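Asks: Mind looking over this structure? Questions follow.
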Amino acid sequence: MEQKQKSIKITYKNHRGEIDDREVTPVNIWFGSTEWHSGEQWFLKAYDFSKGAERDFALADIQGVQGLQQTEFHNESSKSIQEKYPKVAKLYADGGSRGNPGPSAGGYAILDMADNVVKSNGKYLGITTNNQAEYHSLKGGVEMALELGIRELHVYMDSLLVINQMKGIYKIRNKDLWPIHDAIKNLIAKFEKITFTHVPRELNKLADSLVNEALDANINK
């Protein structure tokens, strides 16, 4: 693998307190949170050769680095982000609950302006309502867009409620939605430009399929 020529070795303490050496190829540094770490902090996203996939490493838990100078990493990661991901993109998001409330999932797809998929994800959410699932899908997609360095984002959802609440047209009467709505408002303030557009369900099939895949994978275990 060509990437391995640019690999480094890090000594890392994982969430269980175990310390070992990992051979990785840095991708970028980002700020936020994961399900494995408490609170917001800085992370190194890198390809982990032992896992065969990209992983997020908390910078505070990296005990040592071998094979790369700090300035060299900064140049490599900045170049990688600039070349790999667009600055303007579309986000299609959807959420669903089988039961309302019931088993739920959220899904999103980030596309460039030529409709090529940049990133997509479906995530099982446990027991929530339809509207909560819709909001979680939106939050996940917005967080990923920021992580990828996208500066202008155009959001498309078939939930008229969520779209109009994000645009300030509808009031949020359900108190359970206040925290996640406020969290998304804080996130979208970081973009140079963001728009929200309601689309019919037939134009949101990709995100909808990710929702159903996540539900089927978890409900049918």
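We did not get these values from a lab; they are worked out from the coordinates using the rules stated. This is a predicted model, so every value here is computed, not measured. All Cβ positions, even for glycine, are placed from backbone atoms using ideal geometry, and neighbour counts span all protein chains on display.
Asks: Based on DSSP loop calls and a cut-off of at most 13 other Cβ atoms within 10 Å, the longest stretch of the chain free of exposed chymotrypsin sites (Phe, Trp or Tyr not before Pro) is what? Please list the in-between numbers first.
Replies: Values: sites that count: TRP36, TYR170.
By the stated rule (loop sites, at most 13 other Cβ atoms within 10 Å), 37-169.
Asks: I would also like to ask the following. Taking the beta-carbon count within 10 Å as an exposure proxy, list SER50, SER104 from fewest neighbours to most. Don't jump to the answer; show the numbers that get you there.
Replies: Details: SER50 11, SER104 28.
By the 10 Å Cβ count, ascending: SER50, SER104.
Asks: Cβ under 12 Å from SER33's Cβ, SER33 left aside: what net charge do those residues give with Lys, Arg +1 and Asp, Glu -1? Kindly include the intermediate steps, with their values, before the conclusion.
Replies: Numbers: positive: LYS139; negative: GLU35, GLU40, ASP56, GLU143, GLU147.
For residues surrounding SER33, the net value is -4.
Asks: For every other residue with a beta carbon closer than 9 angstrom to the beta carbon of SER159, add +1 if it is Lys or Arg and -1 if Asp or Glu, then tell me the sum.
Replies: Numbers: positive: none; negative: ASP94, GLU134, ASP158.
Combined, the nearby Lys, Arg, Asp and Glu give -3.
Asks: What lysines does LYS9 reach when the alpha-carbon gap must be under 26 Å and sequence neighbours fewer than 8 apart in one chain are set aside?
Replies: Reachable lysines: LYS45, LYS51, LYS79, LYS84.
Asks: Whole-Hz Karplus ³J(HN,Hα) for region 180-197, in order, using 6.51 cos²θ - 1.76 cosθ + 1.60 and θ = phi - 60°, x for Gly and Pro?
Replies: After applying 6.51 cos²θ - 1.76 cosθ + 1.60, I find 6, 4, 5, 5, 5, 4, 5, 5, 5, 5, 7, 7, 6, 8, 8, 10, 10, 10 Hz.
Asks: Check region 88-219 and count each lysine pair with an alpha-carbon distance under 18 angstrom, considering only pairs eight or more places apart or from different chains.
Replies: Taking the Cα cut-off of 18 Å, the pair count is 23.
Asks: If you average the C-alpha positions of region 86-130 and of region 152-204 separately, how far apart do those two centres end up, in angstrom?
Replies: Result: 13 Å between the Cα centres.
Asks: For each of THR128, THR11, count neighbouring Cβ atoms within 10 Å of the residue's Cβ, then give the residues from fewest to most.
Replies: Ascending Cβ contact count within 10 Å gives the list THR11, THR128.
Asks: Follow-up question, since we're still on this one. Before anything else, pin down the relative contact order of the chain: Cα pairs under 8 Å, at least 6 apart, normalised by residue count, whole percent. Please report the intermediate quantities before stating the final value.
Replies: Values: 428 pairs, mean separation 38.2, N = 221.
Once normalised by length, the contact order is 17 percent.
Asks: For labels at TRP178 and ARG16 in the simple 7 Å Cα→Cβ model, what's the distance in nm?
Replies: Distance between label points: 4.0 nm.
Asks: Can you compute the FRET efficiency between THR197 and ILE219 using 1/(1 + (r/R0)^6), with r the Cβ-Cβ distance and R0 = 30 Å? Round to the nearest 0.05.
Replies: 0.45
Asks: Let me ask something else about it. Near ARG201, within a Cβ-to-Cβ distance under 15 Å, what is the net charge of the other residues, with Lys and Arg +1 and Asp and Glu -1?
Replies: Numbers: positive: LYS205; negative: ASP94, GLU134, ASP158, GLU202, ASP208.
Once positives and negatives cancel, what remains is -4.
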